[in-house]
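Some notes on the structure that comes next.
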Amino acid sequence: MAPKTSDTASRDEALYFKWNRTSFDALLQTYHIRSEWHPVMHSEKETAFLLKDGKITLFVEFFKFCNFQLLITIFCKSLLDEYTVHPLGLAKLRHFEYTCLSLGFLPERLVFRALYSLVWKTPFFTFDRRSTDETCLRLVPASCRDKDWKYKFIYVDGYVIPWNMHWRTMSAKEKVKDVALLKAEYQDNALFKALTSHPTEITIIHDGDLALVGMSLCWRDIQIYHAFSTADGSPFTHADLLYPQKASSVSPADRPLRPGEDNIQQANVSNFLISPCHMDRVLQVLPISGDAEKVDLTAPAQRKTI
């Protein structure tokens with residue numbers, strides 16, 4: 001985990017909380033959930049499913065425990081079509097995505113399928129490790145941190161996540177058809193080898209780290225580059241944040257952007273699923289500090305070396 005800042009410390013303290021209007025407002029602010037997406041707090045009588053007309057349901061635990069943010073990445077969308085996923089499943093998916101990017105690889109569906117199988121745990125789908133011998137995940141959480149997570153959720157406009165996200169159920173006798181790949185299909189894959197050679201554990205990643213590797217468009221100031229330094233000057237990679245002992249020796253070393261250097265959002269915007277409402281293909285980005293900036297989504301972005 002990244003060294004604790006006021007942001008990360010406040011998030012740790014908020015893992016257990018009462019779900020009310022105050023915590024709802026705090027969620028919107030903390031995770032940059034925009035007003036034009038029309039977020040709504042559910043009433044006491046409303047349930048997460050069936051869906052409200054024109055809305056999708058997002059559990060609060062997605063944001064607090066799973067490193068999930070809006071907008072979502074194209075890779076995340078490619079794996080979540082047709083599945084209503086339990087937070088533990090989403091946490092594993094986002095851990096996989098972060099680990100790939102932090103090692104300098106683009107995430108691959110083939111490798112994810114080699115490492116994880118889709119399973120049905122009533123009433124949600126989730127992902128389990130196919131093997132404990134060849135895995136990228138060293139420690140699997142036994143459960144979500146918040147035991148009441150099922151009762152804490154919000155609705156946002158459906159176009160924000162334009163995938164086939166719907167409530168899908170299975171009978172007790174049905175089995176999920178998720179056939180394992182042949183080992184020959186992935187055993188020589190460079191990403192597979194990199195991931196399984198050093199399994200890591202699921203942890204909460206700071207906004208700046210998610211933004212820097214290309215998993216978030218949220219960062220406190222797009223004129224600041226999120227960087228780190230180590231006490232002894234040793235080399236640092238973002239994968240180090242997944243190792244508690246290494247992470248404890250890392251300190252933030254944020255700096256102003258250099259002339260001609262893309263900001264975090266410009267460098268990574270092509271990773272994200274932009275909803276159909278942005279017909280002009282220009283995304284309005286609103287940093288917490290500084291002036292609003294428009295990012296042209298038609299311009300090809302150069303991937304930043306990690």
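The values are calculated or read from the model by the stated rules, or taken from the named source; none is laboratory data. Only a predicted model underlies this, so the values are computations on that prediction, with no experimental measurement involved. Here the Cβ positions follow ideal geometry from the backbone for every residue, glycine too, while neighbour counts run over all protein chains shown.
Out of everything in region 34-47 that is part of a loop (DSSP other than H, G, I, E, B) and out of contact with any helix residue (DSSP H, G or I) (no Cβ under 7 Å at 6 or more places or on another chain), what residue ends up being surrounded by the most Cβ atoms within 10 Å (Cβ to Cβ)? Ranking the qualifying residues of region 34-47, first place goes to 42.
Checked against (1) in a loop (DSSP other than H, G, I, E, B); (2) more than 25 Å from residue 185 (Cα to Cα); (3) of a type in the set (D, E, K, R), residue 133 passes all but condition (2).
Rundown of residues vs (1) closer than 27 Å to residue 243 by Cβ; (2) part of a strand (DSSP E or B); (3) not hydrophobic (A, V, I, L, M, F, W, C), yes/no style:
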site: 57; (1), (2), (3): no, yes, yes
site: 78; (1), (2), (3): no, no, yes
site: 107; (1), (2), (3): yes, no, yes
site: 125; (1), (2), (3): no, yes, no
site: 150; (1), (2), (3): no, no, yes
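Filtering region 79-130 to residues that are crowded, with 17+ Cβ neighbours inside 10 Å, of a type in the set (Ser, Thr, Tyr) and closer than 18 Å to residue 150 by Cα leaves 83, 84, 126. Residues in region 125-145 that are closer than 20 Å to residue 60 by Cα and at pLDDT 80 or above were compared, and the one that is farthest from the chain's Cα centre (by Cα) is 125.
Check whether at least one residue in region 216-236 is hydrophobic (A, V, I, L, M, F, W, C), in the same structural domain as residue 34 (by TED's automatic domain parsing) and more than 30 Å from residue 156 (Cβ to Cβ), and report yes or no. Scanning region 216-236, I find no residue that is hydrophobic (A, V, I, L, M, F, W, C), in the same structural domain as residue 34 (by TED's automatic domain parsing) and more than 30 Å from residue 156 (Cβ to Cβ), so the answer is no. Looking at region 241-287, which of the residues that are in a strand (DSSP E or B) and under 22 Å from residue 29 (Cα atoms) is modelled with the highest pLDDT? Looking at the filtered set, the residue picked out is 272.
When the test is whether a residue is over 30 Å from residue 192 (Cβ atoms), part of a helix (DSSP H, G or I) and in contact (Cβ under 8 Å) with a residue 40 or more places away in the chain, residue 27 passes it.
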